[in-house]
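Take a look at the structure below.
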Amino acid sequence: MPRSRKFSAPLLEGLFVSLLFPMMVAGAPEAQSGRTYLHRNWQIQSSCQAAATGEQISSAGFDAKTWHKADIPATVVGALVTDKTYPDPNYGTNLQSFPGMNYSDKNLFANQDMPEGSPFRCSWWYRTEFTPPSEGAKKTEWLNFLGINYRANIWINGHKLANANDVAGTYRSYEFDVTKFLQPARMNAIAVEVLAPGKYDLGITWVDWNPTPPDKDMGIWKEVFLTSSGNVAVRNPFVASKLDAEYKTAELTISGEVRNVSNEPVKGVLRAELDGRELKQPVELAAGESRIVKFTPQKFSKLKLRHPKLWWPYQMGIPHLYAAKLLFEIGKQVSDTASVTFGIREVTSELTEKGHRLFNVNGRKVLIRGAAWAPDLLFRWSSEKLDADLAYVRDMGMNTIRLEGRLDRDEFFEKTDHLGILVMPGWTCCDAWERWKNWNGDQNRVAAASLRDQITRLRNHPSVFVWLNGSDNPPPAEVESVYLSIEKELEWPNPIVSSASEQKAAVSGASGVKMTGPYEYVPPVYWLADTQAGGAYGYNTETSPGPAIPPRQSLERFIPKDNLWPIDEVWNYHAGGERFTTINVFTDGLNRRYGQASSLDDYERKAQAMTYDGQRAMFESYARNKYTSTGVIQWMLNNAWPSLIWHLYDYYLVPAGGYFGTKKACEPVHVQYSYDDNSVAVINGTYDPLKGVKASAKIYNIDAKEKAARETTLDLSPDSATKAFALPNPDGLTPTYFLKLELHDSAGKLISENFYWLSTKPDVLDWEKRADTVYTPQKEFADLTGLNDLPKARVAITKTEHMSGTNSTLTVVAENKGDSVAFMVHPRFIRGKGGDDVTPIFWSDNYFSLLPGEKKSVTAKFDSSLLQGASPELVVDGWNVEPTAP
């Protein structure tokens, strides 16, 4: 987190991932994959209001008519918003009115104790009643909680299962044998008394991203379900793969934990099924014994695979997946089964000659280009929203998502596995997780148990390619040693990095990564000019060119009408925390470079141009410098609530300037401008050579008159960055001018194009006045004010639409009929006149510019059901394009 210290184009496999993945959770009780989810028909109430004991509350028939109704997973505040006890926290400054939110700082509260008078100083009860399904001959019933924040006392049918000393830790998972308490074919009741995390607890915080809710996200924030087994339960299946040096053979090891929950010794057989192969071995367990049982390739030759189908990140190949199943049999009865989906692949990392960490997948180098994940502020969950998020990642051409804490539900990782999106998880910063000196209570135990639970579930996911034991800082030696021993014991198959920062760890040594920012606005030249901080070298685990202003239509959904212009404290409330409480630096850069914004619409067009330019420059710079640069993570991908900072698309899933700048930069085969030496480079992001490609450049004055041109023919090596030529410096350039780049293949087909707005007056950074790496001030600003004098453009629009079921493709052809550049042409598809944008939507290009006489065709893919019965409307606007409909 930012701190004051410092080619083929990938196709979406269908419009929505939801076509491939059914909802994991749908009603309760409902059995799926052997689970009966208990997610519906809960009630919650403050213990200060509910004058009853756990024994009483967990009894069927308890009177909870006055309690708040809830479905889970849900935090307390999340449930109270859903039942409209509290207003929409996303709108205006509503969140500030919530009880317990009277703080001058929106974020530091996360690291404080609950204030006097807060309703969340009290514990809160969650309760539900249900009738369990009949499981025939199976005898043992299990109750599972995959995430409770933070402590809990748990009761069932008047019996206490666990207390808050044992159930402690946001990232813990729990399983309880409830056989003797559960009543078959009758109504049963569960009661969970949840306590919020304290100042020194290893909970969830939002640092400077956004405000922390007043309950600190206390509650049941992940799945709750029942399972059944016989006397022997099978848990934690794991498939480890080892590939040969040429990646042509694989040796698999299948393991699982078997637990005898009876009071008698058991003899049985553990069977494994994998890709048509069946294996088995006898197992004897003493009463109450648990043991890890393995099927190794040394003992089972069927686990030696020739020419296995490898799992690849989606841009490098197909993310093949396999399934394995373990079954424990006692006599002729199956006591329990456990299944696992996995990929066969190898991830390694190395430190380059300059000490930068470089990752390899199946022996191929990979430039990490990704962004950081944010779940919803109140941990409200939507499978459809997740599908859109992940589809957007691929549509932009990124390959990675980083998780700093907030380790999401299993569904997240299942979908990234299927989609071939790499995931970079680890612990969080700036709170109790990194305040090791304050670990005087149960923090050591909770941290170790949390790591054990997370590594156990994540090690099977091929999309997860690394684990970070820290974020801003590496753990001290004694903590790191514990972490490393757990990871070794659990056979973590991937690289481990001590933290997201460059600090050397006491045990594991150099991290090979950096966390130098910036997080505040910097001009495009920064990324190639900087050689000491966030510039395009090494692996930057979090960085950004600063704020990202949502389009006006989105602003109007969370900023009250009277506060839309000028920028005021309501805007700032939706900025960040700590030193990011305003967007002043961004706005100053905008005014100095593009000219003083005179209205909201003027500010908007300039903000989208500046964000497009900034995001494009960052990703392009890291691509040009590979593998001096080895990775970059945009801070961030999305936001937890409607925000003005650090996203590539806004809270309402509307993609704007930053999205399309990123999408342009991350094309698999791409032609780009270099701000540092006024040259043109060509990126081949594929792993095949490309011969006889032609790169061309044309320079235009602000009036669209051509001033210079250059072209060359190149052969591109696989996975390469190649300098094509230096650009000429023609006389008579206007202070603001344009650069048009094109790249054609050997058959003359256009495979990449790019359009820049530049200035004869360069942006000059003031390195001497840089107090830290979060932000570098400027001495001089580029003059892009010529854009304000562009005449109104005459753009003709035609559209066609094709539908196949609910999958729709809109084709928009824009033609510049005028004599001036049509700048930042922006087509939108909305629900009826004046309606909201249809989202998610996947445009092939947007915010594009047209030279006089130029014609461009773009497509948009979307699900027609998203129109919600409204008539579809296409609106096209732009910098100097009046909003028009065809």
(message) Quick check: Cα centre of the range 162-179 to Cα centre of the range 189-253, how many Å?
(response) 12
(request) Might you tell me the accessible area per residue for the range 504-630, computed with a 1.4 Å probe and given in Å²? (result) 29
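Using a cut-off of 15 Å between beta-carbons, work out the net charge of the residues near residue 550 (Lys and Arg +1, Asp and Glu -1, residue 550 not included).
Details: positive: 552, 557, 605, 606, 828; negative: 556, 601, 604, 650, 836, 837.
With Lys, Arg at +1 and Asp, Glu at -1, the net is -1.
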(request) Count charges around residue 271 for me, please; just the other residues with Cβ under 9 Å from its Cβ, Lys/Arg as +1, Asp/Glu as -1. (result) -1
(request) Please give every one of the aspartates and glutamates within straight-line cross-link reach of residue 749, meaning a C-alpha to C-alpha distance under 17 Å, and leave out same-chain neighbours fewer than 8 residues apart. (result) 667, 711, 715, 854
(request) Wrap a convex hull around the Cα atoms of the range 540-687, take a quarter of its surface area, and give that in square nanometres. (result) 9.6
(request) May I ask you to give the average projected area over all directions of the convex hull of the Cα atoms of the range 513-573, in nm² rounded to one decimal? (result) 5.4
(message) Can you give the FRET efficiency to the nearest 0.05 for residue 711 and residue 884, using r as the Cβ-Cβ distance and R₀ = 30 Å?
(response) 0.30
(request) Provide the net charge surrounding residue 166, with neighbours chosen by a C-beta distance below 12 Å and charges set as Lys +1, Arg +1, Asp -1, Glu -1. (result) +3
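Which of the GluC sites (Glu not before Pro) found in the range 116-175 are in a DSSP loop and have at most 12 neighbouring Cβ atoms, other than their own, within 10 Å? Working shown, then result.
Numbers: sites: 116, 129, 135, 141, 175; in loops: 116, 135.
When the GluC sites (Glu not before Pro) of the range 116-175 are filtered for loop state and at most 12 Cβ neighbours within 10 Å, 116 remain.
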(message) For the range 748-873, what does the relative contact order come out to in percent, with C-alpha contacts under 8 Å and a separation of six or more?
(response) 21
(message) From the gyration tensor of the Cα coordinates in the range 311-366, what semi-axes in whole Å does the equivalent ellipsoid have, largest first, with each one equal to sqrt(5λ)?
(response) 39, 14, 6
(request) Would you please give the FRET efficiency between residue 351 and residue 65, computed as 1/(1 + (r/R0)^6) with r the Cβ-Cβ distance and R0 = 56 Å, to the nearest 0.05? (result) 0.35
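Taking a quarter of the surface of the Cα convex hull of the range 217-257, what do you get in nm²?
On the way: hull surface 24.2 nm².
Projected area, direction-averaged: 6.1 nm².
Using only the Cα atoms, work out Rg/Rh for the chain, with Rh taken as the Kirkwood radius, to two decimals. List each step's numbers first, then the result.
On the way: Rg = 28.3 Å, Rh = 29.0 Å.
Expressed as Rg/Rh, it is 0.98.
So, R0 is 30 Å and r is the distance between the beta-carbons of residue 82 and residue 504; what FRET efficiency does that work out to, to 0.05? Intermediate results must be reported in sequence, preceding the final value.
Numbers: r = 46 Å, r/R0 = 1.55.
E(calc), rounded to 0.05, equals 0.05.
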(request) Heavy atoms only, probe 1.4 Å: what % of the accessible area of the chain goes to carbon and sulfur, would you let me know? (result) 48
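Test of understanding: what is the full-extension gain from residue 380 to residue 162, defined as 0.36 nm times their sequence separation minus their Cα-Cα distance? Intermediate results must be reported in sequence, preceding the final value.
Numbers: separation 218, 0.36 × 218 = 78.48 nm, distance 2.63 nm.
Roughly 75.9 nm would be gained on extension.
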(message) Probe radius 1.4 Å, ligands and nucleic acids left out: which of 874, 195 has the largest accessible area, and how do the rest follow?
(response) 195, 874
(request) May I ask you to list the aspartates and glutamates whose Cα is less than 20 Å away from that of residue 761, ignoring any residue fewer than eight positions away on the same chain? (result) 530, 588, 613, 676, 677, 703, 706, 731, 780, 783, 789
(request) Please list, or write none, the lysines whose alpha carbon is within less than 17 Å of the alpha carbon of residue 199, excluding same-chain residues fewer than 8 places away. (result) 106, 216, 437
(request) Please report, in whole Å, how far the alpha carbons of the range 345-502 spread along each principal axis, starting with the longest. (result) 46, 44, 26
(message) Strictly greater than 16 Å: what percent of every Cα pair in the range 193-240 meets that?
(response) 62
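The values are calculated or read from the model by the stated rules, or taken from the named source; none is laboratory data. None of these values were measured; they are calculated from a predicted model. Don't worry about glycine lacking a Cβ; one is built from the backbone with ideal geometry, like all the others, and counts go over all protein chains shown. Remember, those area values only see protein heavy atoms, side chains included, never the ligands or the DNA or RNA. Shrake-Rupley method; radii C 1.70, N 1.55, O 1.52, S 1.80 Å.
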